[in-house]
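**Student:** I am attaching a structure below and will ask some questions about it afterwards.
The values are calculated or read from the model by the stated rules, or taken from the named source; none is laboratory data. Small disclaimer: the values here were computed from a predicted structure and weren't measured. Virtual Cβ from ideal backbone geometry, glycine too; neighbours counted across all protein chains shown. The area values use the complete protein model at the heavy-atom level, side chains included, leaving out ligands, DNA and RNA. Shrake-Rupley method; radii C 1.70, N 1.55, O 1.52, S 1.80 Å.
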Amino acid sequence: MIHSLLVWRLDGYPFVVADEVIYASIGDAYTSTGLWVDSNEVEPSTINRHGQGHSRFTIGDIERRNHIAIKLQPFIFPQSLLILMNVKINSETDVTKNIQWIHQDSHAVCKFYQRCDWEVNVVITESSLMKSFLSASSDVPSNINFNAQVSSKWFNKFAHLQNFTDKMLGYDFVLLKDNDQRISGFPWRTFVEKKGNAVVSGPLRQSVRDAMKWDRFHRDGRNLLFHQSNAWLQTEEWQSWGHELFAEVAPIEVLMVEMYFVLFEGKFANYFFDHILTKEFIHQPSDWGPDLLWCAAAAEWSSRPGCNLVPVVSAHEDSRQIDKGVKVYREKGKEMLNYFKTHSTFGRWAKPAFQWKSLIGNFKIVDIEGRCRKLLGMRGDDRFDLIACAA
């Protein structure tokens, strides 16, 4: 803006003239745009305070002639939304950080809905932190409800959902997400409008580390590369399949959507969690398993696609509040996977996802594409059905 010697003043809207210095100083920064109609008869009033050739400027008033700012009415989805989430508090820093994130994320998503509620399960590891948390959370909007408890024990993040299965029926959509998967800065409206008619949907994700060039070839063994946005952006130019889907924000039908950020239809969420929240599952600390079940369950529940992966990106702060490398967590996780696989209903739901993981695994997009084309006997850059590859 300064480089072009042109300044726009948008009355009634907060804004900042910024460049790399500001972004580097404040950390996270997001921009948004709105419609502005102007007659192009505006005289800029950026003033060079230190003579020609110097770069410090002040912003004066703009002399405007015949210009109009159009303030659009906010877009509102006709549906309702319930957001369910867990937060673990280990320190004062966690208190401040998580309350700030929830404030920001609630504003970012609830502006699209007339009815938008949050139910947040808060596990505080030290009783001394409860007072700080209650104080910090006292001024959150009334649509955000915290259920706080003091416990240093391991907990299954799905266990608290048993308190809200009936409530899910009263909402069109239910969002289940990790606390460090951000909505602020996320293209929520695009995600909802592009997700198609699938019962369950999820986006790609990306951490700051994932976005760094020096880390572009790092493989995170904890997650499927197929769900990492940097994997989609590292494909070869001639491999147009992934590039086209990403550029067009075209939803892809999949047999598994990981649990980090999942949007359910409310009625299905009620049906699904009513089934899987058994005493065998919720009375142990591991959360392994449900994301292997819900896509097939949704496809069985409806004639529509069970799950779509939408190529938009949710920022992953990667707070790592739960150490999933601890032996007891892994052992209980394996027990739960075996429990789901051998259950008469859950085993049927889990089978397609296990086939899917054998195809997708932790492979790069180019490798997945090559394997699929070979399996389907396809050549060229025609789009193909990933579901058919996993059949």
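**Student:** Starting from the stretch 193-204, take each residue that is assigned to a helix (DSSP H, G or I) and list its partners that are β-branched (Val, Ile, Thr), counting only C-beta distances under 6 angstrom and pairs at least six apart or across chains.
**Tutor:** Correct list of pairs: Lys194/Val249; Lys194/Val310.
**Student:** Which count do you get for residues in the stretch 248-278 that are more than 18 Å from the chain's Cα centre (by Cα), under 21 Å from Ala350 (Cβ atoms) and modelled with pLDDT under 95?
**Tutor:** 1
**Student:** Taking the stretch 86-106 as the search range and keeping residues that are within 15 Å of the chain's Cα centre (by Cα) and surrounded by 22 or more Cβ atoms within 10 Å (Cβ to Cβ), which one is farthest from Gly185 (Cα to Cα)?
**Tutor:** Asn86
**Student:** Assess whether Tyr329 counts as being modelled with pLDDT of 90 or more and among the hydroxyl-bearing types (Ser, Thr, Tyr).
**Tutor:** No, not satisfied.
**Student:** Here is a further query. Yes or no: the stretch 123-138 includes at least one residue that is open to solvent by 60 Å² or more (accessible area, probe 1.4 Å), within 13 Å of Ile83 (Cβ to Cβ) and basic (Lys, Arg).
**Tutor:** no
**Student:** Which pairs turn up if I take residues in the stretch 347-371 that are over 24 Å from Glu335 (Cβ atoms) and look for partners that are assigned to a helix (DSSP H, G or I) and charged (D, E, K, R) with beta carbon separation below 8 Å, at least 6 apart in sequence or on another chain?
**Tutor:** Leu359/Arg371; Phe363/Arg371
**Student:** Does the stretch 343-353 include one or more residues that are within 25 Å of the chain's Cα centre (by Cα) and at pLDDT below 90?
**Tutor:** Scanning the stretch 343-353, I find no residue that is within 25 Å of the chain's Cα centre (by Cα) and at pLDDT below 90, so the answer is no.
**Student:** Shifting gears a bit: Do you know which of the residues in the stretch 371-382 that are surrounded by 12 or more Cβ atoms within 10 Å (Cβ to Cβ) and farther than 17 Å from Ile360 by Cα is modelled with the highest pLDDT?
**Tutor:** In this case the residue turns out to be Met378.
**Student:** Still on this structure: Can you tell me which residue is surrounded by the fewest Cβ atoms within 10 Å (Cβ to Cβ) among those in the stretch 269-304 that are out of contact with any strand residue (DSSP E or B) (no Cβ under 7 Å at 6 or more places or on another chain) and under 14 Å from Asn197 (Cα atoms)?
**Tutor:** The selected residue is Ser303.
**Student:** Residue pairs, Cβ under 8 Å, 6 or more apart or interchain, first in the stretch 255-267 and outside any helix (DSSP H, G or I), second open to solvent by 20 Å² or more (accessible area, probe 1.4 Å) and among the charged types (D, E, K, R). List them.
**Tutor:** Pairs found: Met256/Lys357; Met259/Asp178; Tyr260/Asp178; Phe261/Asp178; Glu265/Asp172.
**Student:** If you don't mind, another one. Mind listing whichever residues of the stretch 147-187 are assigned to a helix (DSSP H, G or I) and under 21 Å from Lys97 (Cβ atoms)?
**Tutor:** The one that is assigned to a helix (DSSP H, G or I) and under 21 Å from Lys97 (Cβ atoms): His160.
**Student:** Further question on the same structure: Looking only at residues in the stretch 107-141 that are under 20 Å from the mean Cα position of the chain (by Cα) and among the aliphatic types (A, V, I, L, M), which one is nearest to Leu169 (Cα to Cα)?
**Tutor:** Selected residue: Val120.
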